[in-house]
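A short worksheet on the structure shown next.
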Amino acid sequence: MLDVFKAVILGIVEGITEFLPISSTGHIVLVNEFIQLQESKAFVDMFNVVIQLGAIMAVVVLYFHKLNPLSGRKTTQERSQTWTLWWKVLLAVVPSVIVGLPLNDWMDAHLMNWAVVSATLIIYGILFIVIENHNHGITPKFTDLNTLPYKTALFIGVFQLLSLIPGTSRSGATILGAIIIGTSRYVATEFSFFMAIPTMLGASVLKILKFYMHGNSLVGLQSVVLLVGVVVSFVVAYLSIRFLLNYIRKNDFKAFGWYRIILGILVIGYFTLFG
């Protein structure tokens, strides 16, 4: 039952960090130093990815009407705009499918370590501060998702490739890229949320398939541990998304940049002293 309690903590960490631009991977790497599931490596690797399904469902629940092209409460034009939004989202994830899928295992094997995570935490933290300072007073070109061009959506998808490097943050890379291209913070954040649905769903399904294809199966309390992680991730991600949307209405992303820098330094300090 201790692993169930640990799953709660890991679900909280995943729910908080998945959509905030602070790197869920960076936090999981650090938390795993203190809280490790007493399960097989295959299960732990699968668990760390599949609990993202809870975070995905939080986006779906919060934006169900906006993302539902079949809603009877929408006009014909609104349904058309919803289909168009989905095509833009799917186009944006194409780079990750073409480039990210073949490199995913290699990245995990060679870059999933504290040195890489701490470096990317700090680098992208600095970038958030620099870009926000540079953009201060500049009016964004795109302030409505419906006016976001397909080409811009694709470019945001290219930025998502950066998140293949652990510690970068998928939401951080896409939000930063979108802001650089000229979107408002709100449009960048919402589009990042929507891109997460096919991206994280695909990653979770792939991880589950690999888990079973390598002869593994859920034993003992593993099903309960996984379910608890997913449910907790959903609840916390739901609250986290609502917080972020309210926060960026009046604030920029510099606070997250400073947080990343501080966390990166703490990671370096901890692993230098105790690693």
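Checking residue 184 against (1) under 21 Å from residue 261 (Cα atoms); (2) at pLDDT 95 or above; (3) polar (S, T, N, Q), which single condition isn't satisfied?
Only one criterion is unmet by residue 184, namely (1).
Run residue 143 past the list (1) surrounded by 14 or more Cβ atoms within 10 Å (Cβ to Cβ); (2) within 29 Å of residue 209 (Cα to Cα) and report the number of the one that doesn't hold.
Evaluating residue 143 over (1) surrounded by 14 or more Cβ atoms within 10 Å (Cβ to Cβ); (2) within 29 Å of residue 209 (Cα to Cα) leaves (2) as the failure.
Go through 75, 152 for me and flag whichever is polar (S, T, N, Q), buried (at least 20 other Cβ atoms within 10 Å of the Cβ) and out of contact with any Pro (no Cβ under 9 Å at 6 or more places or on another chain).
Being polar (S, T, N, Q), buried (at least 20 other Cβ atoms within 10 Å of the Cβ) and out of contact with any Pro (no Cβ under 9 Å at 6 or more places or on another chain) holds for just one of 75, 152, which is 152.
Any idea how many residues of the stretch 53-103 are of a type in the set (S, T, N, Q) and within 16 Å of residue 198 (Cα to Cα)? If you could, list the steps in order and put the result at the bottom.
Keep residues of the stretch 53-103 that are of a type in the set (S, T, N, Q), which gives 68, 71, 75-77, 80-82, 84, 96.
Next, only the ones that are within 16 Å of residue 198 (Cα to Cα) stay: 68, 82, 84, 96.
Of the residues in the stretch 53-103, 4 are of a type in the set (S, T, N, Q) and within 16 Å of residue 198 (Cα to Cα).
Which residue, of 269, 220, is part of a helix (DSSP H, G or I), surrounded by fewer than 17 Cβ atoms within 10 Å (Cβ to Cβ) and over 18 Å from the mean Cα position of the chain (by Cα)?
Step by step, each of 269, 220 is checked, and only 269 is part of a helix (DSSP H, G or I), surrounded by fewer than 17 Cβ atoms within 10 Å (Cβ to Cβ) and over 18 Å from the mean Cα position of the chain (by Cα).
Can you find a residue in the stretch 23-38 that is under 30 Å from residue 258 (Cα atoms), aromatic (Phe, Trp, Tyr) and loosely packed, with under 15 Cβ neighbours inside 10 Å?
Within the stretch 23-38, one or more residues are under 30 Å from residue 258 (Cα atoms), aromatic (Phe, Trp, Tyr) and loosely packed, with under 15 Cβ neighbours inside 10 Å.
Being open to solvent by 40 Å² or more (accessible area, probe 1.4 Å), in contact (Cβ under 8 Å) with a residue 60 or more places away in the chain and closer than 25 Å to residue 248 by Cβ is the requirement here; does residue 89 meet it?
no
Would you confirm, using the coordinates I've provided, whether residue 259 is open to solvent by 30 Å² or more (accessible area, probe 1.4 Å), in contact with a Gly (Cβ under 8 Å, 6 or more places away or on another chain), among the hydroxyl-bearing types (Ser, Thr, Tyr) and under 27 Å from residue 125 (Cα atoms)?
Considered against the rule, which asks whether it is open to solvent by 30 Å² or more (accessible area, probe 1.4 Å), in contact with a Gly (Cβ under 8 Å, 6 or more places away or on another chain), among the hydroxyl-bearing types (Ser, Thr, Tyr) and under 27 Å from residue 125 (Cα atoms), residue 259 comes out as yes.
Being open to solvent by 10 Å² or more (accessible area, probe 1.4 Å) and not charged (D, E, K, R) narrows it down to one of 180, 241, so name that one.
180
The values are calculated or read from the model by the stated rules, or taken from the named source; none is laboratory data. The model shown is predicted, which means the values in this text are computed figures rather than measured ones. All Cβ positions, even for glycine, are placed from backbone atoms using ideal geometry, and neighbour counts span all protein chains on display. What goes into the accessible areas is simple: the full protein's heavy atoms, side chains included, and nothing from ligands, DNA or RNA. Shrake-Rupley method; radii C 1.70, N 1.55, O 1.52, S 1.80 Å.
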